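S.K.: Below is a structure I'd like to ask you about.
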Amino acid sequence: MSQVSASDFDAVFYPGGHGPLWDLAEDASSIALIEAMLGAGKPVALVCHAPGVLRDVKAVNGDPVVQGKAVTGFTNTEEQAAGLTKIVPFLVEDMLRTNGGNYSKVADWQPYVVKDGLLITGQNPASSEPAAKELLEKLSLLVNVK
């Protein structure tokens, strides 16, 4: 991942799954990529558990990137239903709230996407397609502005 450069991409989409909570949440290259993408005015979309990779991502001013932002991600109750609450290193919903995100959600397992500037987050696996569509829409708007 260290050879991935924000200048090579117009956007980044992080799919979910539990893996990002263990590897990408602490991966310096992933953190740097997201910071560089957002700093370059490029959108970043994250779905399900993937918003967990925002845990250590900072805004230009050094605050957590989600601070004051409307966000969503895998809910505590969805994690409980999956039976993994005590296994995962942290709960996505709790982390987003702790880092100052304006977290919102809908009923478990229903599609839900939140947009705030260049950040697009989806609640769960059912949110993957609508989040991808939002990312494509954001890209088309950015291309038309240039």
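S.K.: How many residues are part of a helix (DSSP H, G or I), farther than 20 Å from Thr72 by Cα and aliphatic (A, V, I, L, M) when one looks only at the stretch 24-57?
M.R.: 4
S.K.: Which residue, of Glu78, Glu134, Glu93, Glu129, is in a helix (DSSP H, G or I), among the charged types (D, E, K, R), more than 15 Å from Gly16 (Cα to Cα) and out of contact with any His (no Cβ under 6 Å at 6 or more places or on another chain)?
M.R.: Just a single option satisfies the conditions, and that option is Glu134.
S.K.: May I ask you to say which residue of Asp108, Asp94 is among the acidic types (Asp, Glu), more than 15 Å from the chain's Cα centre (by Cα), over 14 Å from Leu46 (Cα atoms) and modelled with pLDDT of 95 or more?
M.R.: Asp108
S.K.: In addition: Can you confirm whether Lys105 is touching a residue at least 40 places away in the same chain (Cβ under 8 Å) and either in contact with a helix residue (DSSP H, G or I) (Cβ under 9 Å, 6 or more places away or on another chain) or part of a loop (DSSP other than H, G, I, E, B) (or both)?
M.R.: no
S.K.: Conditions first: (1) surrounded by fewer than 19 Cβ atoms within 10 Å (Cβ to Cβ); (2) under 25 Å from Ala32 (Cβ atoms). Asn76 passes all but one, so which condition is the exception?
M.R.: (2)
S.K.: Follow-up. Which ones in the stretch 79-101 are out of contact with any helix residue (DSSP H, G or I) (no Cβ under 9 Å at 6 or more places or on another chain), surrounded by 13 or more Cβ atoms within 10 Å (Cβ to Cβ) and touching a residue at least 24 places away in the same chain (Cβ under 8 Å)?
M.R.: Leu84, Gly100
S.K.: Could you check the stretch 49-91 and list, in sequence order, the residues that are hydrophobic (A, V, I, L, M, F, W, C), over 13 Å from the mean Cα position of the chain (by Cα) and closer than 19 Å to Glu26 by Cβ?
M.R.: Residues satisfying the conditions are Ala59, Leu84, Ile87, Val88, Phe90, Leu91.
S.K.: Moving on to the next point. If you check Leu21 against the conditions, is it farther than 13 Å from Leu118 by Cβ, out of contact with any Asp or Glu (no Cβ under 9 Å at 6 or more places or on another chain) and assigned to a loop (DSSP other than H, G, I, E, B)?
M.R.: The answer is no for Leu21.
S.K.: Go through (1) surrounded by fewer than 14 Cβ atoms within 10 Å (Cβ to Cβ); (2) within 19 Å of Leu136 (Cβ to Cβ) for Gln3 and report which single condition fails.
M.R.: In the conditions (1) surrounded by fewer than 14 Cβ atoms within 10 Å (Cβ to Cβ); (2) within 19 Å of Leu136 (Cβ to Cβ), Gln3 misses (2) alone.
S.K.: Out of curiosity, is Pro64 of a type outside the set (S, T, N, Q), modelled with pLDDT of 95 or more and loosely packed, with under 14 Cβ neighbours inside 10 Å?
M.R.: The answer is no for Pro64.
The values are calculated or read from the model by the stated rules, or taken from the named source; none is laboratory data. For clarity, every value in this text was computed on a predicted model and none was experimentally measured. Don't worry about glycine lacking a Cβ; one is built from the backbone with ideal geometry, like all the others, and counts go over all protein chains shown.
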